[in-house]
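Here, each number is a calculation from the coordinates, and none is a lab measurement. Model, not experiment: these values are computed from the prediction. So basically every Cβ, Gly included, is an ideal-geometry build from the backbone, and we count neighbours across all protein chains shown.
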Amino acid sequence: MDIKGKTAIVTGSAGGIGRAAAVMLAARGAAEIALVDVKEAALAETARLVEAQGARATVHALDLSDIAATEAWFRAHGDVDILYNNAGVVSGAPQFSDVDAARVRWIIDVNVTALIAATQIAVQAMRRRGGGVIVNTVSTVALGTGFYDAMYATTKAAVMMFTRCCAGLKDECNVRVAGMLPGLVDTPILDTTGAGGKSEWMKTVLANNEACVPEDIAEAVMTLIEDDSLAGGDWVAVRRLGGKVEYQWGHADTV
Ligand SMILES: NC(=O)c1ccc[n+]([C@@H]2O[C@H](COP(=O)([O-])OP(=O)(O)OC[C@H]3O[C@@H](n4cnc5c(N)ncnc54)[C@H](O)[C@@H]3O)[C@@H](O)[C@H]2O)c1
């Protein structure tokens, strides 16, 4: 899809990858971007950066763990060309063995239930307007055999499968759903892995791996949006190795 003149929603756009993607969409000529996050003050800064690139920005404080509010918001605002489902959370402390059921429900709701609800409502609107592109932020943890944060990895594996299961929508109604799998990226989410900042395991991960910058991921998101030769359900993993950004493509079987 040519981004020029298009409308978009970016969730989790108060900082990190979401902010970088919103600013890049604006730089590529998007007409209007709805910025969604729980952090209203930081969203205002993203809006300023988006508008500096010449796009119109609207700011929406929405808690995606509130599924009824999320559905209502997307019914009111979800008629767009591009949806970037990017917001996400980690479990933080305590980890799985000691976490209570409410916290488990919270991470599933933010990372999975809200994303599916938003996608469903956007697909219905895109079908009416003749098509669209939806990008879901997964994680390279969805490719691995395990991860320190069990609930995070479980939710991202669910988003990966959901994305692949949306493959057929491209032929059915011209809605292409794609998966963005960031490797390690230096963003504020890393500071929420422990009780009062970075967990010890995250410090070890950071010490032993190169981190991407948010713009590395945003570039790949633009490719996923722009390249209509991709099949529905295709995904790309992005990592930094030896100072270079590396892409690993996954091409889904069409159903
Ligand atoms: N940073 C990494 O290493 C990494 C790696 C793989 C995947 N990811 C994924 O990338 C996405 C973006 O994360 P990031 O790294 O930019 O971190 P980030 O913390 O900067 O961005 C996540 C955003 O989601 C927002 N958010 C959290 N809960 C929300 C809620 N209930 N309602 C609305 N918004 C909410 C946060 O306020 C934040 O602005 C996430 O889905 C994350 O899981 C990150």
Quiz item: What whole-number value in cubic angstrom gives the convex hull volume per residue for the C-alpha atoms of the chain?
Solution: 120 Å³
Quiz item: Over what distance in Å are the Cα centres of the stretch 111-139 and the stretch 43-63 separated?
Solution: 21 Å
Quiz prompt | Residue among ASP228, ASP98, ASP79 with the largest mean-square fluctuation in a Gaussian network model of the chain, springs linking Cα atoms under 10 Å | solution = ASP98
Quiz item: What pairs in LYS170/LYS244; LYS39/LYS170; LYS6/LYS156; LYS39/LYS198 have C-alpha atoms more than 30 Å from each other?
Solution: LYS170/LYS244; LYS39/LYS170
Quiz prompt | Charge dipole magnitude, Cβ of K and R +1, D and E -1 - the stretch 7-250, Cα centre, debye nearest 20 | solution = 200 debye
Quiz item: When only C-alpha pairs under 8 Å and at least 6 residues apart count, what is the relative contact order of the chain, in percent?
Solution: 19 percent
Exercise. Go through the stretch 187-199 residue by residue and turn each phi into a ³J(HN,Hα) via Karplus (6.51, -1.76, 1.60, θ = phi - 60°); whole Hz please, and just put x for glycine and proline.
Key: 9, x, 4, 5, 6, 9, 7, x, 5, x, x, 5, 6
Quiz item: In terms of modelled amide H atoms, which long-range or inter-chain residues lie less than 5 Å from the amide H of GLY168?
Solution: VAL255
Practice problem: Scan the stretch 169-234 for trypsin sites (Lys or Arg not before Pro) in coil per DSSP, keeping those whose Cβ has at most 15 other Cβ atoms within 10 Å, and list them by number. | Solution: LYS198
Quiz prompt | Amide H within-cut-off set for GLY132, under 5 Å, with H built and near neighbours excluded | solution = VAL175, ARG176
Practice problem: Tell me which residues come under 5 Å, amide H to amide H, from THR58 once H is placed; ignore anything under 5 positions away on its chain. | Solution: ILE33, ALA34, LEU35
Quiz item: Anyone know which of LYS244, LYS156, LYS39 comes out most mobile in the 10 Å Cα GNM of the chain?
Solution: LYS244
